[in-house]
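Have a look at the structure below, then the notes.
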């Protein structure tokens, strides 16, 4: 495959992405209700959502979305309701674990995943957990795609990726497109600008990295029988995508990416993780291929 042909495939794959959808999901205003037995409980939940470490202006902005349930002027409906963990559980309310706030975050993201982008964009406590989930999820999707393309009977079942559309001429085009989608999601979660123009340098770096994918694909491409070659193919797809995600996360947090040594260390760790993920995926793909 020539470089020009690969670029055309990537361009066609990217045409399926719409960063405006990510922007809308991230910019969705939220109404969050709080239920407490007293002032101290309310203040603990408010500090969790709008910590005093952020600017006064930002804290006032966030507090416009946070309401003490039952007080005059509060909304009639809420997107989320937090209540102190020791109170009798109300329907749809999420317990607030004052000593373990990350447990609260996990329960919210598990039960209301669709709110993840907006929660991360607005509320600092959700930012890193959402970014971590995005990176792992997209890396796993790319591993799944890389594995499934080695099994012709499995390809029609790629509708398991609900956001995917169209036919992709190569693994590399799909993996690159999905990494760019990940870049949009990480930017949105990091309260950063989202879009092709806004993330021009990031997207250019991802596309440039696609040629590294091509070099790896030369060793792994083809209809490989289940066994030795298949697991590494998924593991490489997972690891490469994971490194891209961690690099983007570092950029949004600190303004710079990973060093070459950090990239190698991260890749080595992700390759082992990707192998474990791929083994589990292959177990499921075997069943589909045999059906």
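The values are calculated or read from the model by the stated rules, or taken from the named source; none is laboratory data. The model shown is predicted, which means the values in this text are computed figures rather than measured ones. When we count neighbours, we look across all protein chains shown, and the Cβ atoms used for this are built from the backbone with ideal geometry, even at glycine.
Taking the stretch 46-62, which residues are without any contact (Cβ under 8 Å) to a residue 40 or more places away in the chain and surrounded by 13 or more Cβ atoms within 10 Å (Cβ to Cβ)? If the condition is that a residue be without any contact (Cβ under 8 Å) to a residue 40 or more places away in the chain and surrounded by 13 or more Cβ atoms within 10 Å (Cβ to Cβ), then 46, 47, 58, 59, 61 are the ones that fit.
Output yes when any residue across the stretch 128-137 is part of a helix (DSSP H, G or I), touching a residue at least 12 places away in the same chain (Cβ under 8 Å), assigned by TED's automatic domain parsing to the domain that holds residue 52 and surrounded by fewer than 19 Cβ atoms within 10 Å (Cβ to Cβ), and no when none is. Checked against the condition, which is being part of a helix (DSSP H, G or I), touching a residue at least 12 places away in the same chain (Cβ under 8 Å), assigned by TED's automatic domain parsing to the domain that holds residue 52 and surrounded by fewer than 19 Cβ atoms within 10 Å (Cβ to Cβ), the stretch 128-137 yields no hits at all.
For the subset of the stretch 110-127 comprising residues that are surrounded by fewer than 16 Cβ atoms within 10 Å (Cβ to Cβ) and touching a strand residue (DSSP E or B) at 6+ places or on another chain (Cβ under 8 Å), which member is farthest from residue 28 (Cα to Cα)? Full working, then the answer.
Pass one, the stretch 110-127, residues surrounded by fewer than 16 Cβ atoms within 10 Å (Cβ to Cβ): 110-114.
When the remaining residues are screened for being touching a strand residue (DSSP E or B) at 6+ places or on another chain (Cβ under 8 Å), the result is 111-112.
Values: 111: 18, 112: 14 Å.
Only one residue fits best here, namely 111.
So, residue 90, is that one loosely packed, with under 14 Cβ neighbours inside 10 Å, at pLDDT below 95 and outside any loop (DSSP other than H, G, I, E, B) or not?
Details: loosely packed, with under 14 Cβ neighbours inside 10 Å: yes; at pLDDT below 95: yes; outside any loop (DSSP other than H, G, I, E, B): no.
The answer is no for residue 90.
If you go through the stretch 8-23 one residue at a time, do you hit one that is within 23 Å of the chain's Cα centre (by Cα) and closer than 30 Å to residue 85 by Cα?
From the stretch 8-23, those within 23 Å of the chain's Cα centre (by Cα) are 10-23; that's our starting set.
If we keep only those that are closer than 30 Å to residue 85 by Cα as well, we get none.
Within the stretch 8-23 (the criterion being within 23 Å of the chain's Cα centre (by Cα) and closer than 30 Å to residue 85 by Cα), the answer is no, since none of the residues qualifies.
Can you tell me which residues in the stretch 189-202 are over 10 Å from residue 252 (Cβ atoms), surrounded by fewer than 21 Cβ atoms within 10 Å (Cβ to Cβ) and in contact with a helix residue (DSSP H, G or I) (Cβ under 7 Å, 6 or more places away or on another chain)? The answer is 193, 195, 196.
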